[in-house]
Amino acid sequence: MLSAFRAALTTPDLRKKILFTLGVVAVYRLGANIPSPGVSYPNVQECLRQVEGSENAGIYSLINLFSGGALLQLSILALGIMPYITASIIIQLLTVVIPRFEALKKEGQSGQNKLTQYTRYLTIALAILQATGIVSLANSGALLGNCPGIIPDDSVFNLAVIVIVMTAGTAIVMWLGEQVTEKGVGNGMSLLIFASIAHRIPAEGMNILNNAGPLVFAGVCVFGLAIIVSVVFVEQGQRRIPVQYAKRMVGRRMYGGTSTYLPLKVNQAGVIPVIFGSSLLYLPDLVARLVGNDGGWFQQFVQTYLVDQSNWLHILLYVALIIFFTYFYVGITFNPEERADEMKKFGGFIPGIRPGRPTAEYLNFVLSRITLPGSLYLGIIAVLPNFFLGVTGSGQNQNFPFGGTAVLIMVGVGLDTVKQIESQLMQRNYEGFLR
Amino acid sequence: MVLALQIVLIVSSVLLVLLILLHRGRGGGLSSLFGGGVQSSLSGSSVAEKNLDRLTLFTAAIWVVSIIGTGLLVKVGA
């Protein structure tokens, strides 16, 4: 393991890539701490201190998690990666609805590039919308729980400057992510999210240590480690369906005749269902706030059952949404009929099952059964931090570093990045990180 | 003075967004986000892309400097 680490750093090509990635992450974190022009930095800090104590930050906890605390500080990169994620989700969903998008998706590389380009345009549009929303919320004082004076000079021109700067900041985050994907290691966008989540861990740990004492802190650490291990275990789990390829002669050479397997991951969908689910759950609250603070039955219902994360209805709804979206997303990304057709084309078959339609049916059967434990696992991990409200002592439990979305994302991104570094190492020698 | 910097800020922001949109997207969308397949893009970037990179960096530098400038002016002046 250590020798592999040294090998990664001594290979000049790889070292350059790793250093480039670290540099971009540093620039991103730096930008996330520069306040937007026209925002009063001392006032924001003062308000943040008030909010940390209360339970009001719950609504934006997910977005704040993705931006690594930049959102509530109203920094120049306040929106972070969220508009891009939303845009990708929308485009992904539209491929099911709009025939033209579906055709583009099937077209291969060039079609995919076009879809990416659409995603980028949509990202900018969403960034303008979200920036306007956040700036107007901050200006009225509702963003940080009735704390006025964040933007001292609230002329229209001044507010417009902030919106434009935040939009440009989103574009920069997108560009940084793409640069990492191109010239660095791993997927840039997910690495930036990783960095924003990971930088909170020491602070949250201190929080627990100060609030609950060393014994609880040690317990939480052990528990967190156990969760990480179990997440890695499930993430790596896959069902291997044996596939036999027929021998065939092309010219004088013999091809095929090998037996391989088709891997079906237990958790095929990754963390995307969790993100979908939590985005949908905080929508009603957003609507209730936009309608106004009149305290009607709708608002009371939302407040008691949906916002309060320790409420049983919230937990139940969250798990149900995650299970639904897991099936939905696996249905979008894995097409058994296509896979069966491909196998038939190259002369492959699953032993005991005829090629063509029976194979597709078999794959569908296995997939829908293997996804059930996968989705249950996702749901359980995601609601786990909701039971720890008493330990952390703050309302921002989604930010709790040892459970829920944070661990899922960190483990997923970490595994992916290590695998990529390893495949780079493989080009030079056969020793890697993962045995 | 602040007004001039703000105008510079607006112009550079708009320019930055346009320049970044001109780039070829390499994100790969959501499928490769959060643990997609391992893929390596072997194709290098073209000359046009490299010049675009340089222009983007230049604009970004102006953008950052003007942001810090406005921040300092607000703090010292007002």
query = Using modelled backbone amide H atoms (1.01 Å from N, in-plane), which distant-in-sequence or interchain residues come within less than 5 Å of A:Ile241's amide H?
reply = A:Leu262, A:Leu264
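In a shell of Cβ-Cβ distance under 13 Å around A:Gly374, excluding A:Gly374 itself, what net charge do Lys and Arg (+1) and Asp and Glu (-1) give?
Details: positive: A:Arg239, A:Lys265, A:Arg369; negative: A:Glu235.
Within the 13 Å Cβ shell, the charges total +2.
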note = Convex hull around the C-alpha positions of segment A:325-364: the volume in Å³ per residue is 58 Å³
query = Between A:Ser279 and A:Tyr261, what length in nm is gained on full extension when 0.36 nm per residue of separation is reduced by their alpha carbon distance?
reply = 2.9 nm
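Return B:Thr56, A:Thr260, A:Thr181, A:Thr326 ranked ascending by Cβ neighbour count within 10 Å, so the fewest neighbours appear first. Please list the in-between numbers first.
On the way: B:Thr56 20, A:Thr260 12, A:Thr181 23, A:Thr326 27.
Result, fewest neighbours first: A:Thr260, B:Thr56, A:Thr181, A:Thr326.
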task = List, in order, the whole-Hz ³J(HN,Hα) value for each residue of segment A:337-347 obtained from phi through the Karplus relation with A = 6.51, B = -1.76, C = 1.60 and θ = phi - 60°; use x for Gly and Pro.
result = 5, 4, 4, 5, 4, 4, 4, 5, 4, 9, x
task = Rounded to the nearest 0.05, what FRET efficiency do A:Glu342 and A:Leu316 give with R0 = 35 Å and r taken as the Cβ-Cβ distance? Could you check?
result = 0.30
query = Hey, which of these cross-link pairs are over 20 Å Cα-Cα: A:Lys183/A:Lys265; A:Lys247/A:Lys344; A:Lys345/A:Lys419; A:Lys17/A:Lys114?
reply = A:Lys183/A:Lys265; A:Lys345/A:Lys419; A:Lys17/A:Lys114
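Read the figures in this text as sums done on the coordinates, not as results from a lab. Please read these numbers as outputs of a predicted model, since none were measured by experiment. Virtual Cβ from ideal backbone geometry, glycine too; neighbours counted across all protein chains shown.
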